[in-house]
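These notes concern the structure reproduced below.
The values are calculated or read from the model by the stated rules, or taken from the named source; none is laboratory data. In this text the structure is predicted, and so the values were computed from the model without any measurement. Cβ: placed from backbone, ideal geometry, glycine included. Neighbour counts: every protein chain shown. What goes into the accessible areas is simple: the full protein's heavy atoms, side chains included, and nothing from ligands, DNA or RNA. Shrake-Rupley method; radii C 1.70, N 1.55, O 1.52, S 1.80 Å.
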Amino acid sequence: ALQQLFEISYSCSKVGDPRPGLPYKGGKFCAFLPDNREGQKTATLLKKAFERGLTFQIKSCNGEERVTWGLIPHKTSWDGGKARNGYPDAQYLREVGTVL
């Protein structure tokens with residue numbers, strides 16, 4: 001099993017974010033991929049998306065700016081199925097590959 005862990009610290013938002021210049025709250029984000037050829041290929045593409053700033057976005061929530069997942073779908077649980085962002089989900093790798 002492959003696991004990706006992202007830790008985003010506090011910082012200030014930049015131009016293009018909902019409220020530029022205001023501080024935002026970070027967090028810890030974890031995603032899972034199967035440890036096979038297709039999962040490893042997806043991990044490489046997800047890394048490129050992260051490096052280009054496409055993985056996360058800043059949203060305003062209850063008067064506070066915070067980091068959240070962006071539009072690229074991630075599996076945040078090993079179980080629970082598609083409804084809970086988990087596995088099993090036979091279409092996930094194909095769907096995330098299309099988005100990427």
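Computed quantities for the displayed model
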item	result
Condition check for Asp89: farther than 30 Å from Tyr24 by Cα, of a type outside the set (A, V, I, L, M, F, W, C), open to solvent by 90 Å² or more (accessible area, probe 1.4 Å) and more than 16 Å from the chain's Cα centre (by Cα)	no
Test result for Thr98, out of contact with any Gly (no Cβ under 6 Å at 6 or more places or on another chain), free of Cβ contacts under 8 Å to residues at least 12 places away in the same chain and polar (S, T, N, Q)	yes
Counted residues, the range 42-85 - those being assigned to a loop (DSSP other than H, G, I, E, B) and either open to solvent by 40 Å² or more (accessible area, probe 1.4 Å) or without any contact (Cβ under 8 Å) to a residue 12 or more places away in the chain (or both)	13
Verdict on Gly97 being under 16 Å from the mean Cα position of the chain (by Cα), under 18 Å from Phe6 (Cα atoms) and either modelled with pLDDT of 90 or more or assigned to a loop (DSSP other than H, G, I, E, B) (or both)	no
Residue tally, condition outside any loop (DSSP other than H, G, I, E, B) and open to solvent by 40 Å² or more (accessible area, probe 1.4 Å), over the range 22-41	7
